[in-house]
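Please read the structure below before turning to the comments.
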Amino acid sequence: MKVILCDDNKLELKQLKTLTLKYLEIFKTDVYTIHDYDYSKKLIFDLEDIGKADLYILDIDMPEPNGIQIAKKIKTTYPLSLIYFYTSHSEFAADGYRVEARRFLIKGGDEKYFAEAMEYACKTCEKLEKECISLPFSHDITNVPIAEIMYVKREHRKVYVYTQSKSIVETSMSIGNLFESLSKPQFIFIDRGIILNMDYIYSTDRNQITLFNKDIFYISQRRMMDVKKEIALYWRRRL
């Protein structure tokens, strides 16, 4: 589990790191890493190079980019990562939820709320880590976390699985059998050769779907109405 902390107040960042370490020790049994930043521009600069984190805990009131701006960038790059805001300013709560922050923690507040938030993060990450699919190819098998799969594409009779970490895994499974093995509500056929993970959809426009990473896909005419209905239904369930 990887955690990134950001607060421009060095003393408060130190306190946040101490709290985070304390509850990672209590709730997390395997390996974890923490990266802390007291300069928000440095975090933005490092965001892609450092790779995806499972949890980001951000102060909101910082010199630009502030916590809200950082959260928007995180959601664009790593839409499944958890974001918590850790701040003295409760008036920013509405803005926080607009970027899908999962928790809004008040500095100096009751520690039990921080503990509950860390327990939730650890359990969520452990669940995602355990849910993998085994992809056979030749004499090898690659285990891929299901939540990391952005889309599956069949090209020239070959099937490729594209992941959030930017890896591409070829598999000897047929695309139909792969879809059945995934058996998750977030996966949808938009064309007979393309399966999308709806968690990664940023927008839809007519027959076009854009993912958070800016990849663009087109819905086949035959599947148009069913696909749009399924996407709308799935998004409503997530609200």
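The values are calculated or read from the model by the stated rules, or taken from the named source; none is laboratory data. Treat the numbers as computed from the prediction; the structure is a model and nothing was measured. Note that each Cβ is placed from the backbone with ideal geometry, even for glycine, and that neighbours are counted across all protein chains shown. In case anyone asks, the SASA skips ligands and DNA or RNA and just uses the protein heavy atoms, side chains included. Shrake-Rupley method; radii C 1.70, N 1.55, O 1.52, S 1.80 Å.
How much mean residue ellipticity at 222 nm does the chain get from its helices, if each DSSP H run of length 4 or more adds -39500 (n - 2.57) and you divide by all residues, to the nearest 500 deg cm²/dmol?
-11000 deg cm²/dmol
Step through the residues of the range 32-42 one at a time and calculate ³J(HN,Hα) from phi using the Karplus curve (6.51 cos²θ - 1.76 cosθ + 1.60, θ = phi - 60°), rounding each to whole Hz and writing x for Gly and Pro.
Using θ = phi - 60°, the values come out as 9, 9, 10, 10, 10, 10, 9, 9, 5, 5, 5 Hz.
Name the trypsin sites (Lys or Arg not before Pro) in the range 102-134 that are in a loop by DSSP and that have at most 16 other C-beta atoms within 10 Å, would you?
ARG102, LYS107
How many Å² of accessible area per residue for the chain, probe 1.4 Å?
Result: 55 Å² of accessible area for each residue.
Give me the angle, in degrees from 0 to 90, between the Cα long axis of helix 67-77 and the longest principal axis of the Cα atoms of the chain, rounded to the nearest 10.
That works out to roughly 20 degrees.
From the phi of every residue in the range 50-55, what ³J(HN,Hα) in whole Hz does the Karplus formula 6.51 cos²θ - 1.76 cosθ + 1.60 yield, where θ is phi - 60° and glycine or proline is x?
Per-residue couplings from phi come out as 7, x, 5, 9, 7, 9 Hz.
Pairs of alpha-carbon atoms within less than 8 angstrom and 6+ residues apart define the contacts here; what relative contact order does the range 1-83 have, in percent?
For the range 1-83, the relative contact order is 37 percent.
Could you work out the relative contact order of the chain, using alpha carbon pairs under 8 angstrom and six or more residues apart, expressed as a whole percent?
12 percent
Carbon and sulfur atoms: what percent of the 1.4 Å accessible area of the chain do they account for?
Details: 6660 of 13230 Å².
Of all accessible area on the chain, carbon and sulfur atoms account for 50 percent.
Just to confirm the filter: which trypsin sites (Lys or Arg not before Pro) across the range 181-239 are DSSP coil and have at most 15 other Cβ within 10 angstrom of their Cβ?
ARG192, ARG206, LYS214
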